[in-house]
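*Asks:* Mind looking over this structure? Questions follow.
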Amino acid sequence: MIPEIEKASAAEIKAFQEEKLKETLQYLDENSPFYKRFFKENNIQISEIKTLEDIQRIPVTTKDHLQQFNNDFICVPKAEIIDYVTTSGTLGDPVTFALTDADLERLAYNEAISFACCGVGKEDTLQLMTTMDRRFMAGLAYFLGARKLGSGIIRVGSGIPELQWDSILKFKPTYLITVPSFLLKLIEYAQQHEIDLQNTGIKAAICIGEPIREQDFSLNILAKKIKKDWDIELFSTYASTEMSTAFNECEMHNGGHHHPELIIAEILDDNNLPVSEGEVGELTITTLGVQAMPLLRFKTGDMVQSYNEPCECGRKTMRLGPVVGRKKQMIKYKGTTLYPPAMYNILNDFSGIESYVIEIFHNELGTDEILIKIASENTSEELLLEIKDHFRAKLRVAPKVEFATSEEVEALRFPPLSRKPVDLIDRRL
Ligand SMILES: [Zn+2]
């Protein structure tokens, strides 16, 4: 199930997107209080924006805009809104996203073709190991996508290894949708309860929220750890509420596929100009076909690299490599640019580390400092040295590392009201 446009040539995809772009601009100009004003203030004549290059004349939309003018982004009357979703905003208050019936249909289509990208078909059953409520979009998208594809779905929700295994053994799902680190918990439970990991019927896991690959697409430490005990195929998916679109890996595992009928993707430098091919930049998106809250040139904050050669799976669409990091979390440390995920990768390599938290702050000179607090039974100087050496080998620099009690680390990792554990505390703001 590959949409025709995804097999078309780059030129055909571009022409197709330019038609969609014109429709989107027209729609925003008629229905979006925010963009109507934005076009006027920035002297934008939408009739002059005809190509994907022309789009660069329109200033970017930021997370601050969304936070500050949240309601002005909504293009439909309240009676048309079916579902409300929130995401964390830049200033603390959550940002609201509204979806109409057509938006839910678009979301279902998006997830269906994304699942299909990972090889999911009608004969498959998915076990959903993430939250469907709590105003999240993702869980609902997975449910709608499975329904559209005709696949079965078991809505177990997050956590509770016992219930997960009960469902796996009872209903024989073939795919899991999960945060990959949770698979380690499932493995541990299986080993403690004599569940045979080699005969579960699970073919693959679709991994959300955490990276499973290095920048060269090889499996990262977390993924290797999973596959060592449980040899299932791991697919990465990258998505966000703002995009309402997913980039899933196909069976070639060389980046998440772009769906040109759903989103325009630009990768921009600090001056909001496109980076050259092969460079890392900030993913900036324009949603296509969204009714309630379309976004135009929205800066996602995610640093990514694109790959443009046709894929062996038959799709000719652009692919996104693993997210290098959040732009806001970029750390300039001793002349080297670092992103937290690379540090997580190194720390996850040490089985002796029970838990950790990374703190980033400015020193008296105003430059970035990194302090990693580690809880471990082994609090020897040798372990500290080994960790620092590993950092130097992989990232060329070694941050400050110190031991802390597991209570202290856990208290930092689980602040009140946080929906998920915190690996990074950025005190630079
Ligand atoms: Zn592919």
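*Asks:* Identify, by number, the condition in (1) in a loop (DSSP other than H, G, I, E, B); (2) among the polar types (S, T, N, Q); (3) closer than 17 Å to GLY256 by Cβ that THR131 doesn't meet.
*Replies:* All conditions are met except number (3).
*Asks:* Next question, about the same structure. Out of the strands (runs of 3 or more DSSP E) lying entirely within region 287-404, which hold 2 or more residues that are touching a Lys or Arg at 6+ places or on another chain (Cβ under 7 Å) and open to solvent by 30 Å² or more (accessible area, probe 1.4 Å)?
*Replies:* 353-362
*Asks:* Another one. Going through region 153-168 one residue at a time, which ones are among the charged types (D, E, K, R) and under 23 Å from the mean Cα position of the chain (by Cα)?
*Replies:* Correct list: ARG155 only.
*Asks:* Go through region 225-277 and tell me which strands (runs of 3 or more DSSP E), entirely inside it, have 3 or more residues that are open to solvent by less than 30 Å² (accessible area, probe 1.4 Å) and within 16 Å of the ligand (Cβ to nearest atom). If you could, list the steps in order and put the result at the bottom.
*Replies:* Details: elements: 233-240, 245-248, 263-268.
Once the strands (runs of 3 or more DSSP E) in region 225-277 are filtered for at least 3 residues that are open to solvent by less than 30 Å² (accessible area, probe 1.4 Å) and within 16 Å of the ligand (Cβ to nearest atom), what remains is 233-240, 245-248.
So that you can scan it fast, the table gives a plain yes or no per residue for (1) in the same structural domain as ASN220 (by the TED database); (2) in contact with a helix residue (DSSP H, G or I) (Cβ under 7 Å, 6 or more places away or on another chain); (3) farther than 30 Å from THR62 by Cα; (4) of a type outside the set (Lys, Arg):
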{"position": "GLY321", "(1), (2), (3), (4)": "yes, no, no, yes"}
{"position": "THR336", "(1), (2), (3), (4)": "no, yes, no, yes"}
{"position": "PRO341", "(1), (2), (3), (4)": "no, no, no, yes"}
{"position": "ILE353", "(1), (2), (3), (4)": "no, yes, yes, yes"}
{"position": "GLU382", "(1), (2), (3), (4)": "no, no, yes, yes"}
{"position": "LEU417", "(1), (2), (3), (4)": "no, no, no, yes"}
{"position": "VAL422", "(1), (2), (3), (4)": "no, yes, no, yes"}
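*Asks:* Exactly one of these conditions fails for ALA146: (1) touching a Leu at 6+ places or on another chain (Cβ under 8 Å); (2) closer than 26 Å to ILE221 by Cβ. Give me its number.
*Replies:* The one condition ALA146 does not meet is (2).
Let's see how each residue does on (1) of a type in the set (S, T, N, Q); (2) in a helix (DSSP H, G or I); (3) over 25 Å from the mean Cα position of the chain (by Cα):
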site: ILE5; (1), (2), (3): no, yes, no
site: ALA15; (1), (2), (3): no, yes, yes
site: LEU21; (1), (2), (3): no, yes, no
site: ASP29; (1), (2), (3): no, yes, yes
site: ASN43; (1), (2), (3): yes, no, yes
site: GLN56; (1), (2), (3): yes, yes, no
site: PRO59; (1), (2), (3): no, no, no
site: GLN67; (1), (2), (3): yes, yes, no
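*Asks:* Please find, among LEU424, LEU395, the residue that is under 26 Å from the mean Cα position of the chain (by Cα) and within 25 Å of PRO94 (Cα to Cα).
*Replies:* After ruling out the rest, the residue left standing is LEU424.
*Asks:* When the residues of region 45-54 are filtered to those that are in a loop (DSSP other than H, G, I, E, B) and free of Cβ contacts under 8 Å to residues at least 60 places away in the same chain, which remaining residue is surrounded by the most Cβ atoms within 10 Å (Cβ to Cβ)?
*Replies:* ILE49
*Asks:* Related question: Name the single residue that is least open to solvent (accessible area, probe 1.4 Å) among those in region 134-151 being at pLDDT 95 or above and among the basic types (Lys, Arg).
*Replies:* LYS148
The values are calculated or read from the model by the stated rules, or taken from the named source; none is laboratory data. Keep in mind it's a predicted model, so treat the numbers as computed, not measured. With ideal geometry, Cβ positions are generated from the backbone for all residues, glycine too; neighbour counts draw on all protein chains shown. Surface accessibility is based on the protein's heavy atoms, side chains included, excluding ligands, DNA and RNA. Shrake-Rupley method; radii C 1.70, N 1.55, O 1.52, S 1.80 Å.
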